[in-house]
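The values are calculated or read from the model by the stated rules, or taken from the named source; none is laboratory data. Computed from a predicted model, the values in this text were never measured in an experiment. Quick reminder, even Gly has a Cβ in these numbers, built from the backbone with ideal geometry, and neighbours come from all protein chains shown. Accessible surface areas use protein heavy atoms only, side chains included; no ligands, DNA or RNA. Shrake-Rupley method; radii C 1.70, N 1.55, O 1.52, S 1.80 Å.
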Amino acid sequence: MAGKQFPSLAHARPASSRCLLAVGALILFSAVYFLLLSPSPPRTLPSPSTTTTSFVASLDRFLGSPHHPAASSAAPEDLDAAIWRKEEARLYGDPGGAWPAAPAPLRVYVYEMPRKFTYDLLRLFRGSYRQTDNLTSNGSPVHRLIEQHSIDYWLWADLIAPESQRLLKNVIRVERQEEADIFYVPFFTTISYFLLEKQECKALYREALKWITDQPAWKRSEGRDHIIPVHHPWSFKSVRRFVKKAIWLLPDMDSTGNWYKPGQVYLEKDVILPYVPNVDLCDYKCVSETQSKRSTLLFFRGRLKRNAGGKIRSKLVTELKDAEDIVIEEGTAGAEGKVAAQNGMRKSLFCLNPAGDTPSSARLFDAIVSGCIPVIVSDELELPFEGILDYSKIALFVSSSDAVQPGWLVKYLRGIDAKIIRELQSNLVKYSRHFIYSSPAQPLGPEDLTWRMIAGKLVSIKLHIQRSRRVVRESRSVCTCECRAGNNTRLL
C-alpha cells in the first residue's frame, strides 16, 4: 500500500517473545496494584479444624481452656451517689451542654396546617391577652392558664425557626415526609379550648381531627409516629379517643380516669412536659442573696380546696395551719398574686406541693425556679424527663398517709440536716434550666429534653408501626392501647 512504511521482518521480534513480554508486564502491574491499593490483609480466620458447631465439643474446649475474665470492681459503698456523680458529669460537665451525644439528630416533619389551627389562634390570644376579666369557673385568669400550658407554642416556634437561628442540634426539621422520624401536629388545642365558644371549639376539633387523620403518613402508622400537644387536661378532649395511638405531650398522667380514659396515656408512648413557670427565675446570684432571708420553714400559696386527688389539700391545711414558721395562704389571681407567691417562695426553705385537680400543678415548677425545695405530696404524680433527671436530688417525696399524721411533716422537715438542705438548694440552681422555655430554645432546656425523650422511643415506635402492618387484624396478637394496664405509679 503506497505511502505506508512497515518495519522489515528482519528487525521484528518473534511473536512468542512479544507474547511473553506482554504477560510479564501484566503480572508485574497486577502485583504492584495489589500491594499499593489493596486493603490490609484481613484477620486470620479460624481454620476449619478449629471451628466447631457442636455445643458439646465447644463446651469441652471452653471448660478445658484457662480463662482470664476482665477484672471487675465491686459496687461502691454508696452506689446511688456514684451513679449521681456520673450523671451530673454527663449533664453539666460538657460546656456545650450535650446529654448524651445523640448518634444522629431527630428528624421531624412539621405539618403546615390551615391557619385557623395555628396562626389565627395565636393572634386571637395576643389580641385578647389583656382582658383580665376573662376567668375560669374557679376564678383563674384564662390567659395565665394558656401561658402555663403553652408548650405547643415553644416547641413549634423553635422547629420552624430558620436553622441559622436555632441552637438545638439534636433535632432538625425535614421538608420531605419520607425523611422523617416523627411528625409534629401544630394545633393549639389549649387556646382553642379556652378562647372559643364551646360548640365552635368542638367543631374546630372535629375539623382538625379529619385533617390530621386524612394525612397519608397518619394512615400508614395510625398516628403512632405523630406528636399531638394536649397539655391541658381538657384540651382536645371530645375527640382524643380517635388519636390515642399518637404521642401525647401531657402535664401528667391522671390515674383516676377523671381526665384521661384507661389505656389512652402511658409512659412508654407519651411524654410529660413541665408547666411554664408563673414566677421569675431565681438564678445562682438570687439564691445566694436570699439564702439568709429564708426564715419560713414551709410555704404554700394556692387554692386550699380542690377536687379528686386534690382533696389532700384541705387535710394538710387542717394539719399545718397553726404550726410555727409555716405559711399556708389562699391564692389570688393576677399580678399581685404572682408577686406574693414569688416573694413567699424566695423567703422559704421548703415549698409544699400537694396534688391539685390532677396529680401535678404548676406550683412545683414555680418552686424549682425559686430555689425553694419542693415537698411533694402527690402519690400518683409522674414527672417530666424522669428518664434524664433525678428528682430525688432536688425534692422531697412524702406519702399522703404520712403527711396528714399529726405533727409528722413538721418534725420531718425540722430534722433534715443542714448539709442536705444546701445540697438540694445547689442542685435546684443547676436543674432550673431544665424548666425554662425560651426563644431560641436552649441546650438542656425543656424543649431539648422533650426531643431527647422522644428520640429514646423511636425503636419502640417503629416496632409497633411495622408490626401493625403485618399482624392480621382479627388476631389476638394485635396489641392496642386498651390491653395496657391503667396508669399507676405504685411499685409492684
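Tabulated values for the structure
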item: Failed item, numbered, when GLY263 is tested on (1) in contact with a Cys (Cβ under 9 Å, 6 or more places away or on another chain); (2) crowded, with 20+ Cβ neighbours inside 10 Å; (3) of a type outside the set (Asp, Glu); result: (2)
item: Residue list for the range 398-427, restricted to those being under 23 Å from LYS321 (Cα atoms), among the charged types (D, E, K, R) and free of Cβ contacts under 8 Å to residues at least 12 places away in the same chain; result: ASP402, LYS411
item: Failed item, numbered, when ILE191 is tested on (1) of a type in the set (A, V, I, L, M, F, W, C); (2) within 26 Å of GLY356 (Cβ to Cβ); (3) open to solvent by 70 Å² or more (accessible area, probe 1.4 Å); (4) more than 22 Å from the chain's Cα centre (by Cα); result: (3)
item: Contacts under 8 angstrom Cβ, first residue in the range 165-180 being part of a helix (DSSP H, G or I), partner open to solvent by less than 20 Å² (accessible area, probe 1.4 Å) and at pLDDT below 95, 6 or more apart; result: GLN177/ALA217
item: Residue list for the range 205-255, filter: among the polar types (S, T, N, Q) and either crowded, with 22+ Cβ neighbours inside 10 Å or in a loop (DSSP other than H, G, I, E, B) (or both); result: GLN215, SER235, SER255
item: Number of the condition not met by VAL369 [criteria: (1) in contact (Cβ under 8 Å) with a residue 24 or more places away in the chain; (2) open to solvent by 30 Å² or more (accessible area, probe 1.4 Å); (3) of a type in the set (A, V, I, L, M, F, W, C)]; result: (2)
item: Residue match in the range 398-408 (condition: touching a Leu at 6+ places or on another chain (Cβ under 8 Å), surrounded by 14 or more Cβ atoms within 10 Å (Cβ to Cβ), at pLDDT below 95 and part of a helix (DSSP H, G or I)); result: yes
item: Answer residue from the range 278-304, given it is open to solvent by 20 Å² or more (accessible area, probe 1.4 Å) and closer than 28 Å to PRO229 by Cβ and is modelled with the lowest pLDDT among those; result: ARG303
item: Pairs, first farther than 29 Å from PRO384 by Cβ in the range 452-473, second open to solvent by 70 Å² or more (accessible area, probe 1.4 Å), C-beta under 9 Å, six or more apart; result: ARG469/ARG220
item: Members of the range 157-169 found to be open to solvent by less than 20 Å² (accessible area, probe 1.4 Å) and under 16 Å from the mean Cα position of the chain (by Cα), listed by number; result: ASP158, LEU159, LEU168
item: Residues (modelled with pLDDT under 80 and either among the small types (Gly, Ala, Ser) or not in a helix (DSSP H, G or I) (or both)) located in the range 305-324; result: LYS305, ARG306, ASN307, ALA308, GLY309, GLY310
item: Failed item in (1) surrounded by 10 or more Cβ atoms within 10 Å (Cβ to Cβ); (2) at pLDDT 60 or above, with GLY97 passing the rest; result: (2)
item: Count of residues meeting criterion [within 15 Å of the chain's Cα centre (by Cα) and among the β-branched types (Val, Ile, Thr)] in the range 217-264; result: 4
item: Qualifying positions in the range 372-385 - open to solvent by 10 Å² or more (accessible area, probe 1.4 Å) and in contact with a helix residue (DSSP H, G or I) (Cβ under 9 Å, 6 or more places away or on another chain); result: SER378, ASP379, GLU380, LEU381, LEU383
item: Residue list for the range 266-277, filter: open to solvent by less than 10 Å² (accessible area, probe 1.4 Å) and part of a loop (DSSP other than H, G, I, E, B); result: ASP270, LEU273, PRO274
item: Options ILE328, ILE376: the member that is in a strand (DSSP E or B) and without any contact (Cβ under 8 Å) to a residue 24 or more places away in the chain; result: ILE376
item: Residues of the range 213-236 satisfying the condition of being under 28 Å from GLN199 (Cβ atoms) and free of Cβ contacts under 8 Å to residues at least 40 places away in the same chain; result: THR213, ASP214, TRP218, GLY223
item: Yes/no for GLY415 being surrounded by fewer than 21 Cβ atoms within 10 Å (Cβ to Cβ), small (Gly, Ala, Ser) and at pLDDT 95 or above; result: yes
item: Scan of the range 259-283 for residues that are charged (D, E, K, R) and within 19 Å of SER150 (Cβ to Cβ), ordered by number; result: ASP270, ASP280
